[in-house]
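K.L.:
Structure in structure tokens, see below.
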Amino acid sequence: MSNVRVRFAPSPTGFFHIGSARTALFNWLYARKTGGQFVLRIEDTDKERNTDEALQVLLEGMRWLGLDWDEGPEVGGDYGPYFQSQRNEIYDKHLEILRDKGLAYDKEGAVFFKISEEPQIIEDQVRGRVERTEEKDFVIYRSDGSPVFHFVNVVDDLTMGITHVIRGEDHLSNTSKHMELFKGLGAEPPVFAHIPLILKQEGQGKMSKRDKGALIGEYQERKFLPNAVVNYLSLLGWNPKDDQEVMSVDSIIEQFDFKGIQKGGARFDEKKMAFVNTEHLRALVPQAFQGLAREVLADLDIKEGDYFAEVMQLAQPKASSLETLNSYVDYFFKDDFVRQQSVLEKISKKGDPKEKIEQVLAAINSVEGWTVVEIENALLRLARQHGQEKPFAWFPTIRWSVSGLAGGPDMIPMLQVMGRERVIRHLEKAKKLLN
Ligand code: GLU
């Protein structure tokens with residue numbers, strides 16, 4: 001264990017935004033990398049928005065991503081309470097400290113902090129050296145008696161022993177105020193690392209909650225793998241060595257450092273995220289893939305002892321997502337799949353599909369054992385009868401007949417797994433459709 005203490009300090013709004021998740025992740029990575037503590041602190045001073053429901057959205061999102069916290073809601077810890085709404089006594093005590101030092105005074109009902117007017121030098125771990133001088137005393141308690149963000153944020157970081165503040169770049173402009181407050185309270189400010197904004201996929205500006213792909217719940221619903229989302233989020237502003245893209249969470253923890261974090265904004269890229277997810281899906285051990293596949297294919301009502309495992313072995317290396325898995329494999333498990341008209345039109349341009357189906361039926365009739373080798377030999381014989389070396393000219397028609405699609409698993413293994421009876425049934429049905 002090290003003395004590193006980092007925190008994620010969200011204000012629950014009912015949405016778990018990708019930017020918040022990325023901030024949580026970078027803090028978590030740093031804690032796990034250094035053997036430090038990851039604290040979850042809820043900045044719930046806005047009573048209207050910070051409902052329990054909103055909190056649950058956040059906690060659920062964190063749990064789904066696997067970002068476990070060492071201290072905070074539900075787990076407790078020695079530095080609680082972990083909700084700002086429960087820390088008023090602590091804030092008041094710190095206000096007294098400032099008053100005793102002559103650094104807080106009342107004006108027009110509010111309480112002001114008296115600044116030092118000294119330049120504040122932030123040795124930011126990402127931005128480098130940033131210098132800024134506050135010019136005006138600022139409010140720390142409003143006239144209704146409630147403490148403001150800057151004050152509670154600093155008092156919490158101080159009293160929770162936070163050593164590193166890793167947060168969005170939008171807070172960089174607050175940091176000189178925060179440094180003033182730390183010093184005013186007689187404390188050494190923590191190390192700061194301001195991480196770049198996440199930019200919209202296209203156009204200008206920060207990703208907002210209305211942008212597609214901006215909310216973690218969306219990925220949860222779309223059956224993304226949480227480790228893939230973590231992997232992609234880690235790339236939003238952090239650059240591992242050798243431009244790696246697909247990484248396990250353990251490998252990200254091992255490699256994570258401030259040096260790899262870029263200054264400029266990180267552009268969201270939906271395609272890359274989907275790619276990372278596909279790669280994680282294909283890399284799962286077959287049992288894990290099959291467990292997840294069973295859940296998303298529940299509608300197909302696959303019986304135990306069906307050829308599920310064989311189909312999944314064909315599908316896993318080719319599947320792009322769990323979200324689309326059903327339409328990728330449904331024809332293995334039901335007879336009433338749709339044969340796409342557009343695919344038929346395409347293959348019809350290269351000869352009469354009905355004739356091809358008849359030829360294939362004749363060729364596979366003679367297959368004795370339904371093995372990959374024998375199916376292949378039968379189709380090779382068919383090709384040679386027509387003066388061709390390979391049977392590829394028949395493949396699109398076969399595929400359309402047995403799946404209705406233009407793409408899918410490798411042809412011969414697919415036919416083998418489907419079984420003779422099913423293949424013949426589908427070919428006959430397709431032939432009938434063409435009458
Ligand atoms: N509640 C603040 C936010 O969500 C926390 C800022 C910080 O991390 O210091 O932006």
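The values are calculated or read from the model by the stated rules, or taken from the named source; none is laboratory data. Note that the structure is a prediction, hence the values are computed from the model and not measured. Ideal geometry is used to build each Cβ from the backbone, glycine not excepted, and the neighbour counts take in all protein chains shown.
K.L.:
Select from segment 141-175 the residues that are surrounded by 20 or more Cβ atoms within 10 Å (Cβ to Cβ), over 17 Å from TYR82 (Cα atoms) and away from the ligand (no atom under 12 Å from the Cβ) and list them in ascending order.
P.N.:
Residue satisfying the conditions is TYR141 alone.
K.L.:
When you go through ILE357, ILE398, ILE364, ILE424 one by one, which is the residue that is within 44 Å of the chain's Cα centre (by Cα) and surrounded by 19 or more Cβ atoms within 10 Å (Cβ to Cβ)?
P.N.:
ILE398
K.L.:
Hey, another quick one. Restricting attention to segment 176-201, and to residues there that are under 17 Å from ASP157 (Cα atoms) and of a type in the set (Lys, Arg), which single residue is farthest from the ligand (Cβ to nearest atom)?
P.N.:
Only one residue tops the list, namely LYS183.
K.L.:
Return the pair list, or none, for Cβ contacts closer than 6 Å from residues in segment 42-64 that are in contact (Cβ under 8 Å) with a residue 60 or more places away in the chain to residues that are hydrophobic (A, V, I, L, M, F, W, C), at least 6 apart or on different chains.
P.N.:
Close Cβ pairs (under 6 Å, with a partner that is hydrophobic (A, V, I, L, M, F, W, C)) amount to GLU43/ALA9; VAL57/PHE16; GLY61/PHE16; GLY61/ILE216.
K.L.:
Next question, about the same structure. Test GLY109 against the criterion of being closer than 21 Å to PHE26 by Cβ and away from the ligand (no atom under 16 Å from the Cβ), and give yes or no. If you could, list the steps in order and put the result at the bottom.
P.N.:
Values: closer than 21 Å to PHE26 by Cβ: no; away from the ligand (no atom under 16 Å from the Cβ): yes.
For GLY109, the condition - closer than 21 Å to PHE26 by Cβ and away from the ligand (no atom under 16 Å from the Cβ) - is not met.
K.L.:
What residue, among those in segment 287-305 that are of a type in the set (Gly, Ala, Ser) and part of a helix (DSSP H, G or I), is farthest from the chain's Cα centre (by Cα)? Don't jump to the end; show me each part of the working.
P.N.:
Going through segment 287-305, the residues of a type in the set (Gly, Ala, Ser) turn out to be 288, 291, 293, 298, 305.
Still in the running and part of a helix (DSSP H, G or I): 288, 291, 293, 298.
Values: ALA288: 19, GLY291: 20, ALA293: 19, ALA298: 24 Å.
Filtering first and then ranking leaves ALA298.
K.L.:
Right, here's the next one. Need pairs with beta-carbon distance below 8 Å; first residue closer than 27 Å to PRO196 by Cα and within segment 128-157, second away from the ligand (no atom under 16 Å from the Cβ) and modelled with pLDDT under 95; sequence gap 6+ or separate chains.
P.N.:
Within 8 Å, the pairs are THR133/GLU117; GLU134/GLU117; GLU135/GLU117.
K.L.:
Would you pick out the residues in segment 17-47 that are within 30 Å of ARG142 (Cβ to Cβ) and either assigned to a strand (DSSP E or B) or away from the ligand (no atom under 12 Å from the Cβ) (or both)?
P.N.:
Those that are within 30 Å of ARG142 (Cβ to Cβ) and either assigned to a strand (DSSP E or B) or away from the ligand (no atom under 12 Å from the Cβ) (or both): HIS17, VAL39, LEU40, ILE42, LYS47.
K.L.:
Quick one: TYR328 ticks every box in (1) touching a residue at least 24 places away in the same chain (Cβ under 8 Å); (2) in a loop (DSSP other than H, G, I, E, B) bar one, so which box is it?
P.N.:
For TYR328, the failing item is (2).
K.L.:
I'm told VAL6 meets every condition in (1) of a type outside the set (Asp, Glu); (2) assigned to a loop (DSSP other than H, G, I, E, B); (3) in contact with a strand residue (DSSP E or B) (Cβ under 6 Å, 6 or more places away or on another chain); (4) crowded, with 18+ Cβ neighbours inside 10 Å except one. Can you identify the failing condition by its number?
P.N.:
(2)
K.L.:
Out of the residues in segment 1-15 that are within 18 Å of PHE38 (Cα to Cα) and among the hydrophobic types (A, V, I, L, M, F, W, C), state the one that is farthest from the ligand (Cβ to nearest atom).
P.N.:
MET1
K.L.:
I'd like to check which helices (runs of 4 or more DSSP H) are fully inside segment 346-412 and have at least 1 residues that are of a type in the set (Ser, Thr, Tyr) and modelled with pLDDT under 95.
P.N.:
Qualifying helices (runs of 4 or more DSSP H): none found.
K.L.:
Would you call TYR79 surrounded by 18 or more Cβ atoms within 10 Å (Cβ to Cβ), in a loop (DSSP other than H, G, I, E, B) and not polar (S, T, N, Q)?
P.N.:
yes
K.L.:
Follow-up question, since we're still on this one. Of all residues being surrounded by 11 or more Cβ atoms within 10 Å (Cβ to Cβ) and among the polar types (S, T, N, Q) in segment 332-353, which is nearest to TRP394 (Cα to Cα)? Just the residue, please.
P.N.:
Applying the filter and picking the extreme gives SER348.
K.L.:
A follow-up question, please. Can you spot a residue in segment 306-318 that is without any contact (Cβ under 8 Å) to a residue 12 or more places away in the chain and outside any helix (DSSP H, G or I)?
P.N.:
No, that holds for no residue.
K.L.:
Let me ask something additional. For segment 208-219, indicate whether the set of residues that are part of a loop (DSSP other than H, G, I, E, B), over 28 Å from ASP269 (Cβ atoms) and either in contact (Cβ under 8 Å) with a residue 60 or more places away in the chain or within 16 Å of the ligand (Cβ to nearest atom) (or both) is non-empty. Break it down stepwise before answering.
P.N.:
We begin by selecting, within segment 208-219, every residue part of a loop (DSSP other than H, G, I, E, B); these are 208-214.
Now restrict to residues that are over 28 Å from ASP269 (Cβ atoms): none.
Checked segment 208-219: no residue is part of a loop (DSSP other than H, G, I, E, B), over 28 Å from ASP269 (Cβ atoms) and either in contact (Cβ under 8 Å) with a residue 60 or more places away in the chain or within 16 Å of the ligand (Cβ to nearest atom) (or both).
Condition check ((1) assigned to a helix (DSSP H, G or I); (2) within 16 Å of the ligand (Cβ to nearest atom); (3) surrounded by 16 or more Cβ atoms within 10 Å (Cβ to Cβ); (4) not small (Gly, Ala, Ser)) across all residues:
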{"position": "TRP64", "(1), (2), (3), (4)": "yes, no, yes, yes"}
{"position": "LEU67", "(1), (2), (3), (4)": "no, yes, yes, yes"}
{"position": "GLU74", "(1), (2), (3), (4)": "no, no, no, yes"}
{"position": "GLU89", "(1), (2), (3), (4)": "yes, no, no, yes"}
{"position": "HIS94", "(1), (2), (3), (4)": "yes, no, yes, yes"}
{"position": "GLY102", "(1), (2), (3), (4)": "no, no, no, no"}
